[in-house]
Amino acid sequence: MDNFAAFLSFMAFVLLLKQILIVDGISDTTKDDGFIGILGAIVDNSSRIGKEESVAMQIAVEDFINTTNQRLDLRIRNSQGDPLQAAIAARNLINMDHVQAILGPQTWEEVSLAAEIGSKSHIPIMSLADSTPEWATELCTFLVQASPNKLKQTEAIAAIVQREEWHQVTIIYEDRDFSAPAVLSHLSNALKEVGAEISHYVAIEPFASSSLSEELERLKINQNRVFVVHLSLPLAVELFEKAKIMNMMEKDYVWIITDPLASLVHSFNASIISSMQGIVGVKSYIPENETRFQDFSHKFRKRFRSEHPEVVNHEPSIFAAEAYDVAWTAALAMSKKKQGRQQIKSNILQSDFDGLSGKINFTGQTIAPAHTFQIINVIGERYIELDFWSDGRGFSETIGESDTFKSSMNALGQVFWPGGIRGTPKGWSPPTIANPLKIGVPTTATFKQYVEVEVEQDHLGNNISLFKGLAIDVFKATRQELPFDLPYNFLPFDGTFDALVEQIHLKNFDAAVGSISILANRYQHAEFTAPYTESGLVMIVPVRSRTREKAWLFIKPFTNAMWVLIGATSIYNGFVIWLIERNHCPELNGSISNQVGTLIWLAFSTLFSLNGNKLNSNLSRITMVVWLFMALVITQTYTAKLTSLLTLPRLEPTVVDVFALQNSNAMVGCAGASYTSKYLEEVLHFRHNNIKNFSRSDEYAPALRRREVAALFLDLPLAKVFLAQNCKSFTMTGPTYNVGGFGFAFPRGSQLLPSVTQAMLKASEDGTLQDLEKKMIASQKCMYMDPEEDEHLSPSVSPSYFWVLFIFTGGTSSMALAIYIFRAYNSMSMSEHNVIWKLMMAVMKHRGNQRGRFSRKVSDIALTTPTISPNATEY
C-alpha cells in the first residue's frame, strides 16, 4: 500500500513537472510520437478574409504533418472582428490551450491587444495585419509582422496616373483605419514624383451612410474626377453602390482601388460587380501558375466549398496564401529541437524559403515587403488582368527574369473605363454654373492699367466690385478660345501677390488673374499658364541732352577732323587761285598783310559765291569749278545736319549700367509688393539700404526727377506703360534680366491649366493679345519711344564720307599749280636769255666807235628791252 502511494506520488510529480515545462514552452521533440506542440490562431470568421485564412491554415498544418510526419495541433478562435474578443481569445489560447505561437489577427486593433498579452507570456504573435508600426515591435518583443506591407502599391498607382497624364487625385479612405496614414503619406510622395498631387482627402466614417452620401455629393461638384479608394470591403461596396446611383460611374470618372480591396474583387457577387464596372485595381501578386499553388488552390476550393457553401466564389486570394505561409513558418519553427518560447521566435525570424505568396524572410521582426503587384480592370461579371508592376522595374505583361519591363502600360490594350469608354478619360470636368471657378484678383497692383478693382454701390446700396485692366481683358479673350464654357466669378484679394498664389494652394481660390510674375518659388503653391506678356526686368533712368553746350551747336554737324580738312583745303585752293591770278588782278598785289587777307578771303568766299567771271586763267577756272562742286556738297550736308540737330532730340541716359549705380552707391527704386526688391538684393547685389520700395506707380516719375532714386527697376510690361506715360523724360537702358513674365495661376496639377494655356496661345497667335496690349499702351496718350531709335540718328559727319571729293579737288588744284609753275619757269628762262644776247650785241657794235657812249648804265639798256607779256606763257 505504501509502495502504491509512493508510485502515485511519483506520477503526480512527473505530471506536474511536465505541465510546468509545457507552460515554460519547453518540450522534447525527440519522442517517438512526433508531437511538436499546439499552434493557435485568431481569425474573423464573419469576413471573407477570416474565412480564407482559417481554411488556409488548416491546409498548411495538414500539409506539414503529411510532409514531416510530425504531429501539430491547430486551435482556431473566432474574434468576430472585435479587438476585445481577440484579446480574450489570445488569453484563452495561452492559458487554456497552452499554445506555443499565435497566428493573426488580421487588424491592428486586434493585434495590439493580443501582442501585449503574448509578450507578457513570451508567446510569439504572428500578425496578419496590413502593417505594423515600427514602435510596436520594439515595445512588444514577441510581436512578429508576418504579413508584408503593401505600401509599394502606391508607386504602381502613381505610375498609372502618370501614364494617363492626370495631375490631381482625390483619396477616399476610412477614418479609423490604422493603415490609412501610411498609405496616404506614401501615395502623396509617389504622386509628387510623377508631377501629380492629392487634391482632396476624404475621410469616411464607418457605418455612416448619410455622411457617405454627403461626401459623394461634394465630390460630384468638384472638378476632379480621379478617385483612389482605400476602404474596407463593406464600406467600399456601399460607396460604389451609391456612386452608381448618383451617376458617378459614368464617362470621365476614374476609380482606382487599392489592396486589400482589389484582392477581394474575385469574391464579389454579380450585384456588387455591376456597380464597379470600369474600375482599375492594384492587387497583390500571386504566382498562380506554379504547381505548388495550383495544388493548394485545389485543396482550398474543396475545403472552402465544404465549410462555406453559402459563398459563391471559392478561389483563394493573397490572404489565403499569406495565412498558409505563416502557418508553415510557425510549424517549421516549432519543429526545431530544443525549442522554447524565445527559441521559437528566433526560429521564425530565421526563416528563409519560397512560400505560396512569395519569398519568406524577415528583417528584424518584420517580413520583407511586397514588391510586385497586378493591375486589374473590372469588366462584365469578373475582372481582367492588365499588367504587372514591380518596384524599380515598372510594368510588364508577365513576371519572370527574361521579361521586358517598361515605364508605362502603353503596350497593353485599352482599359475599359467607367461609362464604357476605351479612350483615356479626362479625369476632370469643367466648372459649372452651380459651381463656377473662383478667381482671385489682386487689389494692390501698382499699375492699374493691368488690373484694377473698383468698388461701387448698386441701386440697393450694396457694394459691387468692378474688374478691369489688360489682365482681365486677356483672360476674357482666352476664355473665348476654350472649347467649352467656363463659368467664373472674380473675387478681390487685398494682399501681396505671393499671398494670392498661396491662397490657391489653400484652396480658397481656384485660380488667380492679374499682373502675376511667374517665379520659381511660387511653383510650390501653384502652376502658371504661358506668359501673356514679354518677360524681363529692365532699368529705367532719366535722360539728358547729348547737345548740352548749345552755344557750340553749329560745329556739331562735322567732326573736328572734317572742319580742319575743310579749312586746309579752302586755304590751299585759295592760294592756288591767288598765285595764278595775281599778275592779272592789281587787288591781289600790295603789301604782305594785304595779300594774306586777300588770299583768306578768296579761299572762303568761294564757298558762298561764284567768282568765275573775274578769273583770267583757265587753270584757275578749272580749280574753281571743282572746288565749287565740293563746296556745294559740303554746304548742303552741313545745312541738313544742322537742321536735324535743331529739330530732333538728342538724348542719352544718365546711367548706362548697373555697375555705375553700384559704384556710386546710388539709390534705386522698385515696386514694394513685388519680387523685385529681393531680386535686386540677392541677384544684382544692391545693398538693402539702397533699395526704395514704392507702393504706387505715380510715385516713380517724381522720385526720378527729384533724384531720390537714380534708377527704377520694373518688369518689362510695366516699363512699357511707364514710358508711355513719361516717354520724353526717361528711357530704358542696360541689359534685360530674364524673369518669367506675367501669367495666370492655377492649382498644381490642375486639369484646366493645359486647356487655358492652349487657348491663350491661340489668342496670342491670331494677334488678339497684341492688339489688346497696343490698345492699352495707346490709351496713355504718349507715343512709346524705343531707345534704339535714338541710335539711328546719324552722328557728326567725318572726312570718310567725302574723301573722294577732297582727293579730287586737291588733285585738281595741285595739277593746276604744277602746270603754272612749269610754264612760269619756262617763261622766265626765255626772258633772261634774250636780255643777255641783246646786251652782248650792243657792246660789240659800239665798242670801238663809240667808247664815250659806252659809259651808259646797263640798267638803261635793260629798260629799253621790251617787256614780255605774262599772257604769252599761258594756254
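The values are calculated or read from the model by the stated rules, or taken from the named source; none is laboratory data. Note that the structure is predicted; figures quoted are calculated from it, not measured. Please note: Cβ atoms are built from the backbone with ideal geometry, for glycine as well, and neighbour counts cover all protein chains shown. Quick note on the areas: whole protein, heavy atoms, side chains included, nothing else; ligands and nucleic acids left out. Shrake-Rupley method; radii C 1.70, N 1.55, O 1.52, S 1.80 Å.
A few comments on the model shown:
- Pairs, first under 13 Å from Ala711 (Cβ atoms) in the range 659-678, second of a type in the set (D, E, K, R), C-beta under 6 Å, six or more apart: Met667/Lys692; Gly669/Lys692
- Residue in the range 205-219 that is in contact with a Lys or Arg (Cβ under 9 Å, 6 or more places away or on another chain), at pLDDT 90 or above and farther than 27 Å from Ala270 by Cβ present: no
- Test: residue in the range 507-528 that is in contact with a helix residue (DSSP H, G or I) (Cβ under 8 Å, 6 or more places away or on another chain), more than 27 Å from Pro436 (Cα to Cα), open to solvent by less than 50 Å² (accessible area, probe 1.4 Å) and not hydroxyl-bearing (Ser, Thr, Tyr): no
- All of Val756, Val843 fail the test of being β-branched (Val, Ile, Thr), outside any loop (DSSP other than H, G, I, E, B), open to solvent by less than 100 Å² (accessible area, probe 1.4 Å) and at pLDDT below 80, apart from Val843.
- Qualifying residue in the range 597-613 (condition: outside any helix (DSSP H, G or I), open to solvent by less than 60 Å² (accessible area, probe 1.4 Å), closer than 20 Å to Gly810 by Cα and modelled with pLDDT of 75 or more): no
- Scanning the range 223-240 finds no residues that are part of a loop (DSSP other than H, G, I, E, B), under 25 Å from Gly423 (Cα atoms) and hydrophobic (A, V, I, L, M, F, W, C).
- Residue match in the range 189-212 (condition: within 27 Å of the chain's Cα centre (by Cα) and of a type in the set (Val, Ile, Thr)): yes
- Conditions (1) touching a strand residue (DSSP E or B) at 6+ places or on another chain (Cβ under 9 Å); (2) more than 19 Å from Asp715 (Cβ to Cβ); (3) touching a residue at least 24 places away in the same chain (Cβ under 8 Å): number failed by Ile518: (2)
- Count of the range 720-751 residues which are open to solvent by less than 30 Å² (accessible area, probe 1.4 Å) and either out of contact with any Asp or Glu (no Cβ under 8 Å at 6 or more places or on another chain) or among the polar types (S, T, N, Q) (or both): 14
- Under the condition of being in contact (Cβ under 8 Å) with a residue 12 or more places away in the chain, among the β-branched types (Val, Ile, Thr) and farther than 17 Å from Trp255 by Cβ, the residues counted in the range 357-401 number 5.
- Only one of Leu39, Leu103 that is closer than 13 Å to Trp328 by Cα, at pLDDT 95 or above and either of a type in the set (Gly, Ala, Ser) or within 58 Å of the chain's Cα centre (by Cα) (or both): Leu103
- Identity of the residue in the range 354-400, closer than 20 Å to Asp325 by Cβ and among the aliphatic types (A, V, I, L, M), that ends up surrounded by the most Cβ atoms within 10 Å (Cβ to Cβ): Ile367
- Checked across the range 380-398, the condition of being among the β-branched types (Val, Ile, Thr), modelled with pLDDT under 95 and assigned to a strand (DSSP E or B) holds for at least one residue.
- Some residue of the range 273-292 being open to solvent by less than 70 Å² (accessible area, probe 1.4 Å), over 24 Å from Trp417 (Cα atoms) and within 50 Å of the chain's Cα centre (by Cα): yes
- Cβ-Cβ under 7 Å pairs, at least 6 apart or on other chains, the range 478-493 side at negative phi, far side open to solvent by 60 Å² or more (accessible area, probe 1.4 Å) and among the basic types (Lys, Arg): Glu481/Lys762; Leu486/Arg479; Asn489/Lys438; Leu491/Lys438
- The range 656-715, subset β-branched (Val, Ile, Thr) and open to solvent by 40 Å² or more (accessible area, probe 1.4 Å), residue nearest to Arg544 (Cα to Cα): Val656
- Among all residues of the range 425-439, there is at least one that is within 30 Å of Glu699 (Cβ to Cβ) and modelled with pLDDT of 90 or more.
- Of all residues making up the range 195-212, the number that are over 23 Å from Ser131 (Cβ atoms), surrounded by 15 or more Cβ atoms within 10 Å (Cβ to Cβ) and without any contact (Cβ under 8 Å) to a residue 40 or more places away in the chain: 2
- Taken over the range 484-493, the residue count meeting the criterion of being within 20 Å of Trp428 (Cβ to Cβ) and either within 26 Å of the chain's Cα centre (by Cα) or surrounded by 14 or more Cβ atoms within 10 Å (Cβ to Cβ) (or both) is 2.
- The condition (being touching a Leu at 6+ places or on another chain (Cβ under 8 Å), touching a residue at least 12 places away in the same chain (Cβ under 8 Å) and over 30 Å from Leu506 (Cβ atoms)) is satisfied by just one residue among Phe296, Phe227: Phe296.
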